[in-house]
Amino acid sequence: MEIKGVAIDIDGTITDRKRRLNCRAVEALRKLEVPVVLATGNISCFARTAAKLIGVSDIVICENGGVVRFDYDGDDTVLGNKEKCYKALEVLREKYEVVLLDDVYRKSEVCLRRTFPKDEAEKLIARMGVKLLDSGFAYHIADAEVSKGKALRFIADRLGIDVENFLAIGDSENDIDLLEAAGVGVAVANADLKLKEIADVVTSRPNGDGVVEALEFLGLI
Ligand SMILES: O=C(O)COP(=O)(O)O
Ligand SMILES: [Mg+2]
């Protein structure tokens, strides 16, 4: 399987628990000769800036696939329906204290502090056309029609690269469909069990050091 592109998560993958960026992982990503696409639950202004500072592709997957950006100075392509997410938020507000994160910058989803039990909350908003994702850093009420994996297919098509020739690396449940869409999926050692179960490779080292380990193991650096 020839790797022609890499789609990589940010928080918990190239960053640690305190969201500090792993510089060894940055150096490794800069050595790659194929496009490297950040794929994050975070907002597009964060993702585009991170991509520029790290030195990877200006193409970024944001808001768990609800927003895609192709150019640093371009516009966002919004794929998710935020109205559906707001309706689900109102249902959760009836039961929980909710704290919104970066809502003014979010175009396709609602992001919340992890202040209530996910399994219980999921039942309250079932059949509303949304999903509740736990990235380990925040909860996301996202449009059920979007995902990091669907966004990767969209980008791969635009790039003329078969999505099967992508490597995907992640750490949590919001990366499951990203790893499933790619030809090769890697979970770093600190990843959720659910991600490790569907990964092709699980690294022995966590976070950014796991990224370096995976790229070396796959012969990409
Ligand atoms: O925004 C989050 O909750 C975590 O972001 P991630 O998808 O880059 O891990
Ligand atoms: Mg993550």
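For this structure, a couple of remarks:
- Semi-axes of the equivalent ellipsoid for segment 138-221, computed as √(5λ) from the eigenvalues of its C-alpha gyration tensor and ordered from largest down, come to 21, 18, 9 Å.
- Projecting the Cα positions of Asn174, Asn190, Ser204 onto the charge dipole of segment 165-210 (unit charges on Cβ atoms of Lys, Arg, Asp and Glu, taken about the Cα centre) puts Ser204 furthest along the positive direction.
- Neighbour cut-off at most 16 other Cβ (10 Å), DSSP loop, trypsin sites (Lys or Arg not before Pro), segment 25-103: Lys95
- Taking the Cα centre of segment 1-128 as reference, the dipole from Cβ charges on Lys and Arg (+1) and Asp and Glu (-1) amounts to some 360 debye.
- Debye, to nearest 20: dipole size of segment 87-190, +1 on Lys, Arg Cβ, -1 on Asp, Glu Cβ: 280
- GNM on the chain, alpha-carbon springs under 10 angstrom: the most fluctuating residue among Ile14, Ile125, Ile61 is Ile125.
- Top positive-direction residue, dipole computed over segment 95-158 with Cβ charges, set Leu133, Ala144, Ile155: Ile155
- Normalising by residue count, segment 44-128 has a Cα convex hull of 105 Å³ per residue.
- For the chain, the dipole from Cβ point charges (+1 on Lys and Arg, -1 on Asp and Glu) about the Cα centre works out to 480 debye, to the nearest 20.
- Prolate/oblate/rounded call for segment 83-145, Cα gyration tensor, a/c under 1.5 rounded: rounded
- Using θ = phi - 60° and Karplus 6.51 cos²θ - 1.76 cosθ + 1.60, couplings along segment 106-112 (whole Hz; Gly, Pro as x): 8, 10, 9, 8, 10, 10, 10
- Cross-link pairs beyond the 27 Å C-alpha cut-off, checked among Lys95/Lys148; Lys87/Lys148; Lys82/Lys150; Lys107/Lys196: Lys95/Lys148; Lys107/Lys196
- The angle separating the long axis of helix 82-93 from the principal Cα axis of greatest extent in the chain is about 60 degrees.
- Pairs of alpha carbons in segment 1-57 separated by more than 16 Å make up 38% of all such pairs.
- Whole-number D in µm² s⁻¹ for the chain, Kirkwood Cα-pair radius fed into Stokes-Einstein, 10 °C, 1.306 mPa s: 93
No lab work stands behind these numbers, since they all come straight from the coordinates. Computed from a prediction, not measured in an experiment: that's the story for all the values here. Quick reminder, even Gly has a Cβ in these numbers, built from the backbone with ideal geometry, and neighbours come from all protein chains shown.
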